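The values are calculated or read from the model by the stated rules, or taken from the named source; none is laboratory data. For clarity, every value in this text was computed on a predicted model and none was experimentally measured. Ideal geometry is used to build each Cβ from the backbone, glycine not excepted, and the neighbour counts take in all protein chains shown.
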Amino acid sequence: MSYTQPPPLTEDEIDTFLKEQKIAKICSLNKDGTIHVTAVWFLYKNGLIIMVTPAATRKVRNMIRNASVTVFVDNPEKASGVLIFGKAKLEYKYSFRDATSLYEKYMSLRQAARYAREILNVSKGGAVMITVRPEHIVSFDKTKDTTLKIDVQE
């Protein structure tokens with residue numbers, strides 16, 4: 001079987017795509033060498049992937065040990081996606097406004113502010129803002145692929 005790689009998204013398409021999508025999968029390295037993957041809400045702003053999560057999560061523990069992460073954002077309905085390789089920066093002191101702006105992507109400003117407060121109140125050990133600065137980005141858009149060739153040999 002052979003397969004040609006589907007065409008990538010342009011830089012502008014990547015920017016728009018990351019601003020529109022709702023869920024990212026963030027991958028970090030467990031202590032035993034296996035990969036931990038979890039779905040998260042995120043905000044793409046100024047070229048950064050931003051998330052807020054309870055500090056006591058496995059992903060945060062993994063990032064304390066090894067800041068290298070992979071973030072995958074896709075749209076299965078359109079067979080397109082963006083894979084981001086980078087380093088996670090953990091911020092335990094961040095502005096309430098930053099957290100609220102992240103949640104505004106998913107709900108009204110009033111609901112987002114209430115949700116940001118709740119995350120801080122219910123999180124054991126507080127919450128942490130994770131910022132991922134992309135070091136390398138790979139993208140694909142199978143809808144652009146006019147040369148898709150699959151040969152199946154038995």
Give me the pairs: first residue in the stretch 47-67 and on the phi > 0 side of the Ramachandran plot, second residue not hydroxyl-bearing (Ser, Thr, Tyr), beta-carbon distance under 9 Å, and six or more apart or on different chains, which are they? GLY47/ASP15; GLY47/ARG133; GLY47/PRO134
I'd like to check something: does the stretch 102-121 contain any residue that is closer than 17 Å to ARG61 by Cα, buried (at least 19 other Cβ atoms within 10 Å of the Cβ) and over 15 Å from the mean Cα position of the chain (by Cα)? no
Quick one: which of LYS78, LYS93 is at negative phi, outside any strand (DSSP E or B), of a type in the set (D, E, K, R) and in contact (Cβ under 8 Å) with a residue 40 or more places away in the chain? LYS78
Which ones in the stretch 1-43 are among the aromatic types (Phe, Trp, Tyr) and either under 14 Å from ASP141 (Cα atoms) or outside any strand (DSSP E or B) (or both)? TYR3, PHE17, PHE42
From the list THR70, THR53, which one is among the β-branched types (Val, Ile, Thr) and either more than 10 Å from the chain's Cα centre (by Cα) or not in a strand (DSSP E or B) (or both)? THR53
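Residue-wise test of (1) at pLDDT 95 or above; (2) under 24 Å from GLU118 (Cβ atoms).
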position: MET1; (1), (2): no, no
position: PRO8; (1), (2): no, no
position: LEU18; (1), (2): yes, no
position: ASN30; (1), (2): yes, no
position: THR38; (1), (2): yes, yes
position: PRO54; (1), (2): no, yes
position: VAL73; (1), (2): yes, no
position: LEU83; (1), (2): yes, no
position: TYR94; (1), (2): no, yes
Which of the residues belonging to the stretch 29-88 are small (Gly, Ala, Ser) and either surrounded by 14 or more Cβ atoms within 10 Å (Cβ to Cβ) or in contact with a Lys or Arg (Cβ under 8 Å, 6 or more places away or on another chain) (or both)? ALA39, GLY47, ALA55, ALA56, ALA67, SER68, ALA79, SER80, GLY81, GLY86, ALA88
State the number of residues belonging to the stretch 97-122 that are over 28 Å from PHE17 (Cβ atoms) and either modelled with pLDDT under 90 or of a type in the set (Phe, Trp, Tyr) (or both). 5
